[in-house]
Every structure is written in structure tokens, then in C-alpha cells.
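Peer 1: I'd like to ask you about the structure that follows.
The values are calculated or read from the model by the stated rules, or taken from the named source; none is laboratory data. These figures come from a predicted structure and were not determined experimentally. Here the Cβ positions follow ideal geometry from the backbone for every residue, glycine too, while neighbour counts run over all protein chains shown. Ligands, DNA and RNA are stripped out before the accessible areas are found, and what is left, the full protein with its side chains, is counted by its heavy atoms. Shrake-Rupley method; radii C 1.70, N 1.55, O 1.52, S 1.80 Å.
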Protein chains: 2
Amino acid sequence: MKIGSIEAGGTKFVCAIGNEQLEILETTQFPTTTPEETIQKVIDFFLNSGVKAIGIGSFGPIEIRETHEKYGFITTTPKKNWADTDILGAIQKSLKVPCSFTTDVNASAYGELELSKKAINSLVYFTIGTGIGGGAIQNGQFIGGKSHTEIGHGFVKRHPEDDDFKGICPFHQDCLEGLASGPTIEARTGIRGEILAENEPEHKVWDILSYYIAQAAVNATLTLAPEKIIFGGGVVSSSLLEKVKTQFLTLLNGYVEVETLDEYLCLPAIENNASATIGNFALALEKLNK
Amino acid sequence: MKIGSIEAGGTKFVCAIGNEQLEILETTQFPTTTPEETIQKVIDFFLNSGVKAIGIGSFGPIEIRETHEKYGFITTTPKKNWADTDILGAIQKSLKVPCSFTTDVNASAYGELELSKKAINSLVYFTIGTGIGGGAIQNGQFIGGKSHTEIGHGFVKRHPEDDDFKGICPFHQDCLEGLASGPTIEARTGIRGEILAENEPEHKVWDILSYYIAQAAVNATLTLAPEKIIFGGGVVSSSLLEKVKTQFLTLLNGYVEVETLDEYLCLPAIENNASATIGNFALALEKLNK
């Protein structure tokens, strides 16, 4: 049996076909343009593929309450043309298969849980790229009471050498995303993050970013007490993660026990952000078996 | 049928006997001294009371994993004599009734859920007093993967007029508890909080505290998306809560929808911090019926 995954990102869509073992058999990706054009490409990809169910992990904010009249919609996004888009409805109507629906980061979190072979029951997945998002799971449930988590917009304390930087979040200015997302690197240094990472791995901006990301990890640790925290997204290299680990220990200061730091704060278990695809496959299978 | 509640606080213990309707029939309280003396008083109170089950809500950190060898222990508390105390074991051994075991703030959160008549499925309960603690529930489960939440020690951003205050948390210095717990008022002003509240309700320290408490509410909103956030503890008056609401709206800046602010950010539904007692009764009944 074949199943599908749609990772609906604000920049690009990644569609994949897999099997019941959650193996990726085929994949395609295209830029996110208008909803009509982009969703049509999704439909074209899956139309004669034979998938029996599809998992959709979407950028947000989205409506995830199944009883809500806007269930399946991308709701109030500032992304041009995409506010109030019934993405789930459009896909289900054309492809006529059951579809699960959650955030892209929840899908990634779920994928990481699957990839752990269910050795753990709880985790947090952060993606640190153009923006900062997060998904979290506890005992098989996504964290989120009446909606999905937006953990990337929480407030953190300032790095002492970063007082002059105002932050770039259009909503909150100096929330986590406003202080530690990829574009903050260029906003501080005038140099794009990828280029700075290659040429100046010792630039102090990496200490500043890791200080904020470490606080995200501390706050998630104290609030959710997960068994693992995973950092995906373009900003997080293995060298940055090492800095994050050091800052994390300093900031947490032994207040709660962390058994094995290297197993607690990790990079994704699979490359190319494919955790979301694996998670979507697993969620699609669950939807089908319900 | 009678059931019992033990609210085991770091300063005092409150014991109560109630009925299946979760009504409080009898209550007693005494200061927290040594474990031996304090637990003996608990046992004396309940010994011939006829309670069929007891709910224990304890100060922490505590071990709540039922499969752990230290389940039921107060673990690494800095409180003198109380580290590594098997409080659950001592009580069960003497009273020979089933006992539920969670944190005092989880018990309060559970009590508030009961008092809402289960109109909601998720909430966060903060207590802001000598320290800051919090408990949270989603779909009947306490938030917390491998342990209970310690949300009161998360990091927040500084109030612009509070830059010189170092914070008083012995672990984290300027975490939420270090910046907004009751003793920070005297640390900043030299005047005890109760006295300042009575004599100087317009002192700027109240704006500073409400700025931090509002961030706790924003971070909890973004991370957990609860249906309600409740503020108990001696520091939170109705006038402080009004300041918190104003700051909350400014800080959140419309990023997620909050339908009715006055129903979202609230004082406890019951006076004298009795939410924990109600929660303990309900948890004891569940333990009995399992």
C-alpha cells in the first residue's frame, strides 16, 4: 500500500509517496506560489499515484480542531494570498482519500518519534530557519490545547552583548524568532547566514544565537519535561549545536536532571528535513486505520 | 464515602477531608517542620477519619513516574531535611489507603478543571508567591513528559526599567521566579510586598511584576495553547491581574486569537488556594476507581 506526504511550507512544498514501512519511494518539490497553482501541482503529483491516505503538515497558523468550521484551513497567515485557504478541503475533494492535518513542525516531531522506534514518549522539535517553529508530543498527543503550539514566538532574555539589536519579528520584535531566526544574522552583521557560517565560524553572532536557542531548550525543558529536544532547520549546524549545549548547561544550572546531554539535545535523525515526511506517512496511516 | 487531601507545601501543610461531591468537610493546617514531625501530624489527622483514598499534592521537585524506584519521593529540594523523603510511602504505609501523588500546582490545576465543571479540556495554573510554580493539563493529562513541569523557572525578557535588578533565584538568578516572585518586591523596594500593596498600589514595581507575569502568560499561551490561565498565590491581586491583562495584550500583539480576555486570564475559582484540595479529592477518587 502506498501513502502520501505533503509538507506545505511557506517557501516550498515537498510531496512524497511512501510505503507502510514509512520508506520514501518518490519525492518532488516546487516553490510555494499562489494557493491555486501550488495545490494544483500537489493534486497532479498524487492523482494517479494510488496513495490510500495522505498526511499534510502545513505552515501556519492553521485550524486543527476537527469540530471547527474552518478545520483544515490555513487561517491568519501574513503570507500573501494564503490567508483563509482551505488546503485540506481542496486536496481531499480532488484526491478523495483520507488526509491527516497538522503543522509542518508537528509532523516533524511525529516523524522523529517514529524514527526513535518509539523508544521515547515525548519530544520537542524546533526548526530554526527563516522563522522559528516548534512541535511537541507527549504520550502520543501533540502539545496544544485549543490550537497548535507557536513556541518559536516565546520571549527570552537578552544576551548581554546584543542589547542594541531590536529584533525582527513583525509581531513581537524581540521574541525568540525575532532574535534567533536565520535572517537575524544578516540583520546584525550585514552578511547572509550561510556565508558567515562558512567564512566566520567564530563570529560572536553564533554565541548570541546559541544563547537564545539554549534558552528555548531550557524553557521547553522546564515547561514540558520532554525526553528529547531536536533542532532542525538551516541555521542549526553541528558546531552551533555544540555551543547551544554548553549554554544550556550553564543556563539550566542543574535545576533538573539531564541524563545524557548528547542524547537530549540533538540534530534530526534523518537528513534534508525528511522527519516531516516520515511523520506525515505515520499520521496518514493512523488516519486510515481509525 | 470520605476522601482526603494533603497539600504538602514548603511552608505549611493543609490536610482536608471531603466527600464524593468534592465538598470540604473538615480541614487542618500546620507548619512544615521536619519530615518525621510533619508526616506524623498528617497521619494523626487521617488515622481514624475513615477516608478511603487520599490525594497528595506536594512541593517539589518530586518523582512522579510510577515505575521509578523513587516514585513518591520529594527528591532534590534545597529545603532542609526534606531532600530524598519518601512522603508517599510513609503515608501509605501508615494509613493503608490508595494515594494519588502529584505536585501541589498540578493538584490546583486539576481542581480548577473540576471547578469549571469540565467545560474546558486544558488550562495552566500559576502560583505566584514565595516562589513561582505552575501546573498544566491537556485532555485530562498533566503536562510533563518524563517529569512534572517547572514552568516558573523559565526565562523572560527584562522590563526596560528593571535592568539593574539582578534577580533572586538561587539557580537561575533572573528567571521568572527570580524576577517576579513575592520576595523580589522587598528585594527591589526594601518594603514587604503585602505592605507595599496596601500603601503604594501605584508603585512602579507592580508594572514591572505584571510585565513578567504577562510574559509567563504569553509563553504559556504560545507553547501550550490552553483554554484558560489561572493565577493563584499571594502576589496576585485583582488589580495586579488587570495590569497583567493589559501587558499580555500588548506583548502578544494579536498573534494568536484570545476570545474573551476576562475568561482567559483569571483568578482561582475558589478562595484560600483551595483549588489544590478539590484537585486532590478528584485525583484520589480517580485513583480509587482505577
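Peer 1: For a quick check of your reading of the filter: which trypsin sites (Lys or Arg not before Pro) in the range B:95-204 sit in a DSSP loop and have no more than 15 other Cβ atoms within 10 Å?
Peer 2: Hits after loop and neighbour filter: B:LYS96, B:LYS117, B:LYS118, B:LYS166, B:ARG192.
Peer 1: Next question. For a bin width of 10 Å, list the pair-distance distribution of the protein assembly as shown built from all Cα-Cα distances, rounded to whole %.
Peer 2: With a bin width of 10 Å, the distribution comes to 3, 17, 26, 26, 17, 8, 2, 0.
Peer 1: Chain pair B, A: how much accessible area is buried, both chains summed, with a 1.4 Å probe, in Å² to 100?
Peer 2: Buried area (both sides, nearest 100 Å²): 3500 Å².
Peer 1: List the GluC sites (Glu not before Pro) within the range A:166-235 that DSSP assigns to loop and that have no more than 14 neighbouring Cβ atoms inside 10 Å.
Peer 2: Of the GluC sites (Glu not before Pro), the ones in loops of the range A:166-235 whose Cβ has at most 14 other Cβ atoms within 10 Å are A:GLU202.
Peer 1: Something else: Any residues in the range A:99-143 that have 30 Å² or more less accessible area with all protein chains than in their chain alone, probe 1.4 Å, and which are they?
Peer 2: Relative to the lone chain, where solvent access is computed with a 1.4 Å probe, the range A:99-143 loses at least 30 Å² at A:GLN138, A:GLN141, A:ILE143.
Peer 1: In the range B:56-127, which GluC sites (Glu not before Pro) fall in coil by DSSP and have 12 or fewer other Cβ atoms within 10 Å?
Peer 2: Those that pass, being in a loop and sparsely packed, are B:GLU66, B:GLU69.
Peer 1: Local charge sum around B:THR67 (other residues, Cβ-Cβ under 15 Å, Lys/Arg +1, Asp/Glu -1)?
Peer 2: -1
Peer 1: Which percent of Cα pairs goes in each bin when the distances of the range B:118-266 are cut into 5 angstrom slices starting at zero?
Peer 2: Distribution as computed: 2, 10, 20, 23, 21, 13, 7, 3, 1 percent.
Peer 1: For Cα pairs less than 8 Å apart in space and 6+ apart in sequence, what is the mean separation divided by the residue count of chain A, i.e. the relative contact order in percent?
Peer 2: 22 percent
Peer 1: When the helices in chain A are scored as -39500 (n - 2.57) per DSSP H run of 4 or longer and the sum is shared across all residues, what 222 nm value do you end up with, to the nearest 500 deg cm²/dmol?
Peer 2: Computed ellipticity for chain A at 222 nm equals -11000 deg cm²/dmol.
Peer 1: Whole Å is fine, so just give me how far the alpha carbon centre of the range A:172-250 lies from that of the range B:159-180.
Peer 2: Distance between centres, Cα-based: 23 Å.
Peer 1: May I ask you to give the percent of accessible area on the range B:118-266 that is carbon plus sulfur, with a probe radius of 1.4 Å?
Peer 2: About 48 percent, which is the carbon plus sulfur part of the accessible surface.
Peer 1: Just for the range A:118-266, what percent of DSSP beta bridges are antiparallel, to the closest 5?
Peer 2: Roughly 60 percent of the DSSP beta bridges within the range A:118-266 come out antiparallel.
Peer 1: When the accessible area of each residue in the range A:185-225 is compared between its chain alone and the complete protein assembly (1.4 Å probe; ligands, DNA and RNA ignored), which residues differ by at least 50 Å², being lower in the assembly?
Peer 2: When all protein chains are present, A:LEU222, A:THR223, A:ALA225 each give up 50 Å² or more of accessible surface.
Peer 1: Please build a GNM for chain B, connecting alpha carbons under 10 Å apart, and tell me which residue among B:ALA276, B:ALA90, B:ALA107 fluctuates the most.
Peer 2: Ranking B:ALA276, B:ALA90, B:ALA107 by mean-square fluctuation puts B:ALA90 first.
Peer 1: Per residue, how big is the convex hull around the C-alpha atoms of the range A:157-205? Give it to me in cubic angstrom, could you?
Peer 2: So the per-residue Cα hull volume is 70 Å³.
Peer 1: Out of every Cα-Cα pair in chain A, what percent are more than 32 Å apart?
Peer 2: 25 percent
Peer 1: Once phi is turned into θ = phi - 60°, what whole-Hz ³J(HN,Hα) does the Karplus curve with 6.51, -1.76 and 1.60 give for every residue of the range A:30-44, x standing for Gly and Pro?
Peer 2: For the range A:30-44, the Karplus-derived couplings read 8, x, 7, 9, 7, x, 4, 5, 5, 5, 4, 5, 4, 5, 4 Hz, x marking Gly and Pro.
Peer 1: If I histogram all Cα-Cα distances within the range B:1-107 using bins 5 Å wide from 0, what percent of pairs lands in each bin?
Peer 2: Going out from 0 Å in 5 Å bins, the range B:1-107 shows 2, 13, 25, 28, 19, 9, 3, 0 percent.
Peer 1: Which value in nm describes the separation of the simple spin-label points at A:GLU202 and A:ASP84, placed 7 Å from the Cα toward the beta carbon?
Peer 2: 5.5 nm
Peer 1: If the label for B:GLU242 sits 7 angstrom from Cα along the Cα-to-Cβ line, what are its distances to the same label in every other copy, in nm to one decimal, shortest first?
Peer 2: From this label point to the equivalent ones elsewhere in the assembly: 5.6 nm.
Peer 1: Kindly give the distances from A:LYS2 to its copy-mates, label point to label point, with each label point 7 Å from Cα along Cα→Cβ, as nm values to one decimal ordered shortest first.
Peer 2: 6.9
Peer 1: Percent relative contact order of the range A:118-266, based on C-alpha pairs within less than 8 angstrom and at least six residues apart?
Peer 2: Averaging sequence separation for qualifying contacts and normalising by length gives 26 percent for the range A:118-266.
Peer 1: Across the range A:132-149, in residue order, what do the Karplus-derived ³J(HN,Hα) couplings come to in whole Hz, using 6.51 cos²θ - 1.76 cosθ + 1.60 with θ = phi - 60° and x for Gly and Pro?
Peer 2: 10, x, x, x, 9, 9, 9, 6, x, 9, 5, 5, x, x, 9, 7, 7, 5
Peer 1: Taking Cα centroids, how far is the range A:36-61 from the range B:31-95 in Å?
Peer 2: If you average the Cα positions of each part, the centres end up 54 Å apart.
Peer 1: Within the range A:98-127, whose backbone N sits under 15 Å from a point 7 Å along Cα→Cβ of A:LEU267?
Peer 2: none
Peer 1: Most mobile of A:ALA136, A:ALA216, A:ALA187 per a Gaussian network model of chain A (Cα springs, under 10 Å)?
Peer 2: Fluctuation is largest for A:ALA187.
Peer 1: If you don't mind, there's one more thing I want to ask. Looking at chain A, what % of its DSSP beta bridges pair antiparallel, to the nearest 5?
Peer 2: DSSP beta bridges in chain A are roughly 60 percent antiparallel.
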